[in-house]
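Trainee: Got a structure for you, questions after.
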């Protein structure tokens with residue numbers, strides 16, 4: 001496994017934000033197995049894809065891409081590889097489409113496609129079955145019969161291009177990341193300058209409790225601070241005025257405008273911890 005940097009000389013006209021770039025990083029792994037293990041290994045990767053996409057709340061479609069015009073390897077190997085991918089999906093009762101002629105030059109593949117906010121489909125995860133490279137690298141293993149046999153190689157990426165995945169993720173949530181995923185989970189908003197000292201103390205307590213928190217101590221109207229935090233889609237705004245300073249706590253406000261009851265720092269840390277543990 002490696003997080004490998006890949007370069008592709010895309011034409012300038014097709015470059016598109018984070019979705020199509022000339023340099024990207026992907027979570028690349030290669031599984032070497034026996035032909036008898038192939039079906040279970042492919043099913044294991046498909047289960048891995050399901051688990052990861054489920055974490056982010058993605059629906060996805062599966063496509064099997066078959067042999068292109070320019071390819072390497074024998075007809076027999078291509079048929080075996082295509083049959084293995086098809087069998088793994090069918091044994092898992094997975095729906096899939098066939099994308100004729102769009103496989104890699106060395107083997108067929110399963111493409112996992114996510115949809116962005118505009119309904120465009122983007123390929124992310126890929127599972128490729130390869131009988132050719134083990135042959136070229138002369139890879140062998142000793143089986144129970146005491147003889148040398150040729151293994152099979154599975155190329156797999158789960159997120160695909162990290163940059164593209166992040167782009168789809170941002171559009172999927174329309175920038176309003178759930179608390180567990182938000183880069184900034186809360187922002188402390190002081191009402192007046194005299195609340196700054198307690199605001200700094202609260203900031204330190206929340207940071208120590210593992211909350212990703214920032215503070216806005218500017219001498220601006222509270223309404224402006226709230227609006228800016230809402231536009232930045234920060235999950236929680238923590239209002240700190242004279243009452244909060246006196247009682248040593250805060251009044252949380254959600255980005256949807258819902259006001260919560262007064263809380264201590266410990267209670268808010270527990271709230272954030274619960275939302276992270278349940279991925280809310």
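Each value in this text was obtained by applying a stated rule to the coordinates, not by laboratory testing. None of the values given here were measured: they were computed from a predicted structure. Glycine also receives a Cβ, built like all others from the backbone with ideal geometry; neighbour counts cover every protein chain displayed.
Trainee: Give the calculated FRET efficiency between residue 200 and residue 8 to the nearest 0.05, with a Förster radius of 41 Å applied to their Cβ-Cβ distance. Write down the numbers at each step before the final one.
Mentor: Details: r = 48 Å, r/R0 = 1.16.
Calculated value: 0.30.
Trainee: Percent relative contact order of the range 212-276, based on C-alpha pairs within less than 8 angstrom and at least six residues apart?
Mentor: On the way: 54 pairs, mean separation 13.5, N = 65.
21 percent.
Trainee: What would the Debye formula give as log10 I(q)/I(0) at q = 0.07, 0.08, 0.15, 0.16 Å⁻¹ for the alpha-carbon point model of the chain, no solvent?
Mentor: Treating every Cα as an identical point scatterer, log10 I(q)/I(0) equals -0.41, -0.51, -1.06, -1.15.
Trainee: Would you mind checking the range 19-39 for residues with the amide N under 17 Å from a putative spin-label position 7 Å along Cα→C-beta of residue 55?
Mentor: Of the residues in the range 19-39, 26-29 have backbone N under 17 Å from the label point off residue 55.
Trainee: Plugging the Kirkwood radius over Cα pairs into Stokes-Einstein for the range 186-277, at a temperature of 4 °C and a viscosity of 1.567 mPa s, what D comes out in µm²/s?
Mentor: Working: Rh = 12.9 Å.
After rounding, the answer is 101 µm²/s.
Trainee: Counting pairs of alpha carbon atoms under 8 Å apart in space and at least six apart in sequence, what relative contact order in percent does the range 159-280 give?
Mentor: Result for the range 159-280 is 29 percent.
Trainee: Distance from a point 7 Å along Cα→Cβ of residue 23 to each backbone N in the range 128-163: keep the residues under 20 Å and list them by number.
Mentor: Within reach of a label on residue 23, which here means backbone N under 20 Å from a point 7 Å along Cα→Cβ, the range 128-163 contributes 160-163.
Trainee: Continuing with the same structure: Rounded to the nearest 0.05, what FRET efficiency do residue 258 and residue 16 give with R0 = 22 Å and r taken as the Cβ-Cβ distance? Could you check?
Mentor: Numbers: r = 36 Å, r/R0 = 1.66.
Between residue 258 and residue 16 the formula returns 0.05.
Trainee: In a Gaussian network model over the chain where Cα atoms closer than 10 Å are linked, find which of 43, 70, 121 has the largest mean-square fluctuation.
Mentor: It is 70.
Trainee: If you don't mind, there's one more thing I want to ask. Choose one answer from 199, 210, 146: the residue with the largest mean-square fluctuation in a GNM of the chain with alpha-carbon springs under 10 Å.
Mentor: Comparing 199, 210, 146 in the GNM, the peak value goes to 146.
Trainee: Before anything else, pin down the relative contact order of the chain: Cα pairs under 8 Å, at least 6 apart, normalised by residue count, whole percent. Working shown, then result.
Mentor: Working: 506 pairs, mean separation 44.3, N = 280.
With pairs under 8 Å counted, the relative contact order is 16 percent.
Trainee: Round to a whole angstrom and tell me the spacing of the C-alpha centers of the range 10-31 and the range 228-250.
Mentor: 40
Trainee: What FRET efficiency, computed as 1/(1 + (r/R0)^6) with R0 = 41 Å and r the Cβ-Cβ distance, is obtained for residue 139 and residue 170, rounded to the nearest 0.05? Walk me through the intermediate numbers first.
Mentor: Details: r = 40 Å, r/R0 = 0.98.
For residue 139 and residue 170, the calculated efficiency is 0.50.
Trainee: If you don't mind, there's one more thing I want to ask. Would you mind putting 46-58, 253-265 in packing order, based on average other-beta-carbon counts within 10 Å, highest first?
Mentor: On the way: 46-58: 15.2, 253-265: 13.2.
Output ranking for 46-58, 253-265: 46-58, 253-265.
Trainee: Starting from the Cα-Cα distance between residue 181 and residue 266, subtract it from 0.36 nm times their residue separation and give me the gain in nm to one decimal.
Mentor: Values: separation 85, 0.36 × 85 = 30.60 nm, distance 2.07 nm.
Working it through step by step, the gained length comes to 28.5 nm.
Trainee: A further question follows. For the chain, what is the mean residue ellipticity at 222 nm derived from helices alone (per DSSP H run of n ≥ 4: -39500 (n - 2.57); sum divided by total residues; nearest 500 deg cm²/dmol)? It would help to have the intermediate numbers written out before the result.
Mentor: Values: 8 runs with 94 residues, N = 280.
-10500 deg cm²/dmol, from helical runs alone.
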